[in-house]
Ligand code: BG6
């Protein structure tokens, strides 16, 4: 009977449940509920947008799903002159406003017992001493056992000073029995050189295995479904290659503008903001070979091979496009142009739309272009991966009877309406002629499963607390992604021109359409 321990037994013993053994189940079973062992999370940048809208709600949702240890601790570090009580109310308000699962008083009361606030600035060593005292108290009062994760939801320029303060106050130091981890939000630098410098600073303080770089796209259920779609089925892999695929389009379109993020966005632009990370990660997952397992090292090995094999076109003028949104209508909403947004330099040359053609130099993808595009203030919010197939080699129909026939396509919709659509030709019913027209077959998460998908941040925060790194990009992946983007950025800045304007609510600049037209292709209308 001794093996039949309960989940609570294992938590009391300080184990994370991913290591808890149930004799009836294989511990490698990826369906097991994963519950974090004793630990706490410290958030720097707690008053920022990300912490308010995503991080605090994610912590609550995890607690509500029973995936956090009963004595979990949450500490906010900020400059404001707040008491613990004021901070607790602030956290509650944000959670109530943004949580995904229902707000339950009992979950909240337990979580609130572990909430602490430390007032201070990043350059103030005494504030970090107070932080150190606070986490020690959590160890004593909440049983967090020295296991603490530090979330840097702050500008990269502040990383070095925070990392040094954590080191100086002994907070970054893991021991045999207690772990310390750091979570870094993008952007991971501005270019290859600054990313490497950032990495140097962080690795002086934290062991590489304790550093978790967040690319929240990897935490999205549908992105993980891409792996299930490709590798849990027999029917797609045989056609997932240059013999059958004509090209791939990866689109991340947003209908919002830059909102209150002028300070972050201006000078960064669409390509650095999302192509360097989210879109290249989606491309790597779409193009990679089957990993040996879903362990971090195996997944990374395959993604890294793709990123290393990506080739930039010689002619960047013909194969990239930039745009900047001008005023326009989005439905009934009148949107101002980028240059009129608050906090934006009226001469700004920052792009809010970027498109690029990339090739992958492998046998599987030789001659198959991957087109990546992203933009703000586009027609609608949608992220999708569209694999467009070559036309059938021979069509035994009158050409007039296949007029509306496009190419077959498999479209993986990352958001919204998460799911997969297949487009193929079907006979139009009735009539005498054999008329063929495009139809689609749809799988939708919402219709097939009753449970709503967890937010990406729920999954990723839990993974950090469990110490499971498969969904976090490595330094090498970040490095390779900058190597792809840097020449494009250099080319654009060498032009010294303004990105081409496009009206808000449309699908981007004419330059982007011309880019595909040169290859005899066109962008999908998602
Ligand atoms: C962030 C970008 O990484 O992703 C933002 O910095 C963008 O500019 C956001 O709006 C989009 O995320 P999501 O999950 O809403 O697609």
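Values quoted throughout were computed directly from the atomic coordinates according to the rules given, and no laboratory measurement underlies them. Predicted, not measured: the structure shown is a model, and the values here were computed from it. Neighbour counts run over all protein chains shown; Cβ positions are idealised from the backbone, glycine included.
Within a 10 angstrom radius of the beta carbon, how do 340, 254 rank from fewest other beta carbons to most?
Final ranking by Cβ density, sparse to dense: 340, 254.
Normalise the Debye intensity by I(0) for the stretch 296-411, one equal point scatterer per Cα, no solvent, then take log10 at q = 0.12, 0.15, 0.24 Å⁻¹ and round to two decimals.
Each listed q maps to, in turn, -0.74, -0.98, -1.33.
Using Cα pairs closer than 8 Å and at least 6 residues apart in sequence, work out the relative contact order for the stretch 343-435, in percent.
For the stretch 343-435, the relative contact order is 20 percent.
Quote to one decimal, in nm, the extra length available between residue 173 and residue 204 on full extension: 0.36 nm per residue of separation minus the C-alpha distance between them.
Taking residue 173 through residue 204 to full extension adds about 10.0 nm, to one decimal.
Can you give the relative contact order of the chain as a percent, counting alpha carbon pairs under 8 Å and 6+ residues apart?
16
Quick one: if you take sqrt(5λ) for each eigenvalue of the C-alpha gyration tensor of the stretch 222-360, what semi-axes come out, biggest first, whole angstrom?
Value: 35, 17, 15 Å, ordered largest first.
Could you quote the convex hull projected area for the stretch 86-175, Cα atoms only and averaged over all directions, in nm²?
Across all orientations, the stretch 86-175 yields a mean hull projection of 7.0 nm².
Calculate the translational D of the stretch 55-124 in whole µm² s⁻¹ from Stokes-Einstein, where the hydrodynamic radius comes from the Kirkwood formula applied to all Cα pairs, the temperature is 25 °C and the viscosity 0.890 mPa s.
196
So what's the angle, to the nearest 10 degrees on a 0 to 90 scale, between helix 159-168 and the longest Cα principal axis of the chain?
30
Can you sort 374, 121, 421 by how many other beta carbons sit within 10 Å, fewest first? Please list the in-between numbers first.
Details: 374 25, 121 12, 421 17.
Least crowded to most crowded, the residues run 121, 421, 374.
Kirkwood Rh, the stretch 106-246, all Cα pairs: how many Å?
So the Kirkwood estimate lands at 18.1 Å.
Gain in length, residue 483 to residue 327, computed as 0.36 nm per residue apart minus the alpha-carbon separation, to one decimal in nm?
52.8 nm
Can you give the angle from 0 to 90° between the axis of helix 84-98 and the longest principal axis of the chain, with both taken from C-alpha atoms, to the nearest 10?
Orientation of helix 84-98: about 20 degrees from the principal axis.
Which shape class, rounded, prolate or oblate, goes with the stretch 352-402 when its Cα gyration tensor gives a ≥ b ≥ c as root eigenvalues, a/c under 1.5 marks rounded, and past that a/b bigger than b/c marks prolate?
It comes out oblate by the Cα gyration axes.
If you build the Cα gyration tensor of the chain and take the root of 5 times each eigenvalue, what three semi-axes come out, in whole angstrom, biggest first?
42, 29, 22
What does the helix-only formula give at 222 nm for the chain: each DSSP H stretch with n ≥ 4 adding -39500 (n - 2.57), the total divided by the residues, and the result rounded to the nearest 500 deg cm²/dmol?
Rounded to the nearest 500, it is -9500 deg cm²/dmol.
In nm, to one decimal, how far is the residue 230 label point from the residue 392 one, both placed 7 Å along Cα→Cβ?
Reported label-point gap for residue 230 and residue 392 is 2.8 nm.
Based only on Cα atoms, what mean projected area does the convex hull of the stretch 397-508 have, in nm²?
14.0
To the nearest 10 degrees, how steeply does helix 221-231 sit against the main Cα axis of the chain, on a 0 to 90 scale?
That helix lies at roughly 60 degrees to the long axis.
For the stretch 66-105, take every pair of Cα atoms, bin their distances at 5 Å starting from 0, and report each bin as a whole percent.
5, 17, 24, 27, 19, 8, 1
Of 227, 299, how do they rank once you tally other Cβ atoms within 10 Å and put the fewest first?
227, 299
If you bin every alpha carbon distance in the stretch 153-212 into 5 Å steps from zero, what whole percent lands in each bin?
4, 18, 30, 27, 12, 6, 2, 0
Rounded to whole Å and ordered largest first, report the semi-axes of the equivalent ellipsoid of the stretch 443-526 derived from its Cα gyration tensor (root of 5λ).
Semi-axis lengths for the stretch 443-526 are 35, 25, 13 Å.
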